[in-house]
1. What about THR118, is it open to solvent by 30 Å² or more (accessible area, probe 1.4 Å), at negative phi and under 16 Å from the mean Cα position of the chain (by Cα)?
2. Among the numbered conditions (1) out of contact with any Lys or Arg (no Cβ under 6 Å at 6 or more places or on another chain); (2) under 24 Å from LEU114 (Cα atoms); (3) modelled with pLDDT of 95 or more; (4) aliphatic (A, V, I, L, M), tell me where ALA16 comes up short.
3. Within the stretch 101-115, restricting attention to residues that are of a type in the set (A, V, I, L, M) and either in contact (Cβ under 8 Å) with a residue 24 or more places away in the chain or buried (at least 19 other Cβ atoms within 10 Å of the Cβ) (or both), which residue is nearest to ARG62 (Cα to Cα)?
4. I need every pair where a residue in the stretch 1-17 that is within 18 Å of GLY42 (Cα to Cα) and open to solvent by less than 100 Å² (accessible area, probe 1.4 Å) has its Cβ under 8 Å from the Cβ of a residue that is of a type in the set (S, T, N, Q) and at pLDDT 80 or above, sequence separation at least 6 or different chains.
5. Looking at the stretch 48-76, which of its residues are exposed (fewer than 15 other Cβ atoms within 10 Å of the Cβ) and at negative phi?
6. Please name all residue pairs, on different chains or six or more residues apart, with Cβ atoms under 6 Å, provided the first residue is in the stretch 59-77 and is in contact (Cβ under 8 Å) with a residue 12 or more places away in the chain and the second residue is aromatic (Phe, Trp, Tyr).
7. When you check LEU24 against the structure, is it within 15 Å of the chain's Cα centre (by Cα) and surrounded by 14 or more Cβ atoms within 10 Å (Cβ to Cβ), yes or no?
8. Among the residues of the stretch 140-162, are any at pLDDT below 95, more than 20 Å from LEU44 (Cα to Cα) and out of contact with any Asp or Glu (no Cβ under 6 Å at 6 or more places or on another chain)?
Amino acid sequence: VTLLDPESRISLGFIAKGYIADKLKEYLLSQNIENAIINLGGNLLAVGTKPDGSPFQFGIQRPFDAQGTPITVLPVSDKSAVSSGVYERYFYQDDTLYHHILNPADGYPVQNELLGVTILSDSSTSGDALSTTCFVLGPEEGMRLIESLEGVEAVFITKDYALHYSSGLLSAGPSAP
């Protein structure tokens, strides 16, 4: 990548937490830690299962809920759950919502039917990249991408607060909070 403007910078913030979570998991496993949750705010990673062998229960936040109430709960074992959405970093101006997920074509906040995307995958780094990518792609194209990937599942939350689960999650049994 060549940046012609000397004031231009590339930020890896969109993927850094995923990378850090994966490295933390590697470290915990190297220390013989078999059961843990790594929480980096928007990036959750389950190391193994609960000590009793049952899956951890990860809540996905209801968008714009000040208390962080979950809109759904997913059973998670030895997987990463990464969420991207418009409801964490945003502001309103003139009744327009401006958020931090930008359309690469025009540099403005993505405008589609999504409020949030959560990705379940083996790699938190991949989950970070996929959650943002799927958000930018939108609900239909984003879900097509997820369905084409092995070992990756997703929950999309649309503006009407409807939940759209990838096919593998439907059989895994997400639940109401």
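The values are calculated or read from the model by the stated rules, or taken from the named source; none is laboratory data. These figures come from a predicted structure and were not determined experimentally. Cβ sites come from the backbone with ideal geometry, for glycine too, and all protein chains shown count toward neighbours. Protein only, heavy atoms only, side chains kept; ligands, DNA and RNA dropped before computing areas. Shrake-Rupley method; radii C 1.70, N 1.55, O 1.52, S 1.80 Å.
1. For THR118, the condition - open to solvent by 30 Å² or more (accessible area, probe 1.4 Å), at negative phi and under 16 Å from the mean Cα position of the chain (by Cα) - is not met.
2. (3)
3. LEU115
4. Listed by first residue and then by second, the contacts come to ILE15/THR125; LYS17/ASN43; LYS17/SER124.
5. If the condition is that a residue be exposed (fewer than 15 other Cβ atoms within 10 Å of the Cβ) and at negative phi, then LYS50, PRO51, ASP52, SER54, GLN57, ASP65, ALA66, GLN67, THR69 are the ones that fit.
6. Taking only residues 6 or more apart or on different chains, the pairs are PRO63/TYR87; PHE64/TYR87; LEU74/PHE58; VAL76/PHE56; VAL76/PHE58.
7. In short, no.
8. There is no residue in the stretch 140-162 that is at pLDDT below 95, more than 20 Å from LEU44 (Cα to Cα) and out of contact with any Asp or Glu (no Cβ under 6 Å at 6 or more places or on another chain).
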